[in-house]
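The values are calculated or read from the model by the stated rules, or taken from the named source; none is laboratory data. In this text the structure is predicted, and so the values were computed from the model without any measurement. Because the Cβ atoms are built from the backbone with ideal geometry, glycine has one as well, and the counts that use them run over all protein chains shown. Remember, those area values only see protein heavy atoms, side chains included, never the ligands or the DNA or RNA. Shrake-Rupley method; radii C 1.70, N 1.55, O 1.52, S 1.80 Å.
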Amino acid sequence: GKAFVQFNTIIGENDREITPAQSAELMFLYLRGHTCYERAGGPLKPKWHMMLHAIQKSVEFGNPRFYWTYRDEVINGVLAKVAKSGHRRHWHDAVHLKFAICKALGLAKMH
């Protein structure tokens, strides 16, 4: 947990630019936290792997907090469920209609 707190502190305190030294520190902290989490039996998700790439590219693309967000994950989940429920013949119409209904009901909040 301490590694992730330090990781979030570095991400939170820096502007868009990340130096190579900061990127290396982020990678060290992330891998340390990841290893401890895995050893404790925590479930690993594909997002763990995606974040590694965000850290690797942080010198080139900048601070991940400016483009990496979990804010829309609820919307992605609703959209995935809606997409699974539509028939392929009218899939696009069903997705748009059902997602609009979910949004109107407050089940998918746009930020």
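Before moving on, here are some points about what is shown:
- Degrees separating the helix 91-104 axis from the principal Cα axis of the chain, which is the longest one: 70
- Local net charge near residue 10, Cβ-Cβ under 11 Å (Lys/Arg +1, Asp/Glu -1): -1
- Long-range Cα-Cα pairs in the chain (distance over 19 Å), rounded percent: 58
- Relative contact order (percent, whole number), the chain, Cα cutoff 8 Å, 6+ residue spacing: 25
- Heavy-atom accessible surface of the chain, averaged per residue, reaches 75 Å², computed with a 1.4 Å probe.
- Residue among 82, 9, 50 farthest towards the positive dipole end of the chain, charges placed on Cβ: 82
- Extension gain, residue 85 back to residue 39 (0.36 nm per residue minus Cα-Cα distance, nm): 12.9 nm
- Degrees, to the nearest 10: 46-56 long Cα axis against longest axis of the chain: 50
- Packing, taken as the mean count of other beta carbons within 10 Å per residue, orders the peptides 86-97, 6-17, 55-66 from highest to lowest as 55-66, 6-17, 86-97.
- Cα-based helix-to-principal-axis angle, 73-85 vs the chain, degrees rounded to 10: 40
- Carbon and sulfur %, accessible surface of the chain computed with the full protein complex present, 1.4 Å: 59
- Think of the chain as having a plus end and a minus end, set by charges on the Cβ of Lys, Arg, Asp and Glu; of 18, 40, 67, 40 sits farthest toward the positive end of this dipole.
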